[in-house]
1. Over all residues in B:143-152, what is the mean tally of Cβ atoms on other chains that come within 10 Å of each residue's Cβ?
2. Over all residues in A:75-81, what is the mean tally of Cβ atoms on other chains that come within 10 Å of each residue's Cβ?
3. Which shape class, rounded, prolate or oblate, goes with the range A:1-115 when its Cα gyration tensor gives a ≥ b ≥ c as root eigenvalues, a/c under 1.5 marks rounded, and past that a/b bigger than b/c marks prolate?
4. For residue B:62 and residue B:138 in the same chain, what is the full-extension length gain: residue separation times 0.36 nm, less their Cα-Cα distance, in nm?
5. Multiplying the sequence separation of residue A:128 and residue A:109 by 0.36 nm and subtracting their Cα-Cα distance, what value in nm do you get?
6. Using a label point 7 Å beyond Cα on the Cα-Cβ vector, give me the inter-copy distances for residue B:30 in nanometres, one decimal, shortest first.
7. Treating the point 7 Å from Cα along Cα-beta-carbon as the label, what are the nm separations from residue B:69 to the other copies, to one decimal?
8. Take peptide B:45-55, look around each residue's Cβ out to 10 angstrom, count Cβ atoms belonging to other protein chains, and average those counts.
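Just so it is clear, none of the values below were taken in a lab; they were calculated from the coordinates. As the structure is a prediction and not an experimental result, all values here were calculated from the model. Neighbour counts run over all protein chains shown; Cβ positions are idealised from the backbone, glycine included.
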């Protein structure tokens, strides 16, 4: 049997650079923690912004903190269709050549020139958990979901290191395809 | 290698009983063909209805023809959340105990007492195609998707008989989770 981790389902959200936070919320503004996320040091902020695409928009999309070097907007392919953008499936932080989008906050708006992605599904593990699971940072594994709508996700990225703890991150499309709920256990399966 | 079939992605749609068609469009009304579907005798109609849930609604959802013994509304889990209903994942026609919903057409509305489902993913095959693939009607198989977002769907139902031809039917959530487009080839994998 494979190593078991809990699923964490990501709804659309964004991470902001300090400069874009200042543009959207005002100079010197700091994010207010709404609640801690499972990954150490990461939190959902009280603050939200509107995301405006060529075809549609989403009001009040939550910001995750803390700020990052680059603004990154994470949406599902369902969301992408509604907005009218064509983001690639990408690992967090790999934003080169990804579509831009318009963000609107209470103090102003910004048009990011890139940074819209569909997040590559991945498993977070601490170094100790990765050792126990027998996998390494950047390894590609499968993840089996034994639900009422079972499937095996292929090409799942392991992200391990300090600041990570066991959690399988998927978006809402992926969760729905597997009838997966937050906290459900899934199983890491090493590739042949 | 497994037998290959093309994917057909179902957006939300509905099938109507003759009585519900009369209630929504008027006594004696007949559906107008918009275009043939891949499955023999099935077609997308010109006609559309509004689906009203407790939380949200969808305007202009397409009717598929011809009429059937029972009205059946097929939506994704993403759609179900927007409507505020909790349909089970079900095989077509197995509607007992499924949620009802309100339908609104140009001549009237109906509140169906059951019939809202998330369709169980399935493969249509003619008898000759099933023989070639080495599978039988009602057999449960896996379907492998070798895309930019690869995965293996488990518990996929084979539906074979006259009036079927090779096609893998999934909903938009499932297609998005696998980055699958209409007409993409997928592979049937027999279960051990």
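1. Partner-chain Cβ atoms within 10 Å, mean over residues of B:143-152: 5.
2. 4
3. Because a/c hits 1.5 or more and a/b fails to exceed b/c, the range A:1-115 counts as oblate.
4. Extra length available between residue B:62 and residue B:138 comes to 24.6 nm.
5. Contour length minus Cα-Cα distance gives 2.6 nm.
6. 7.3
7. Those separations, rounded to one decimal, come out as 6.4 nm.
8. For peptide B:45-55, the averaged partner shielding equals 0.
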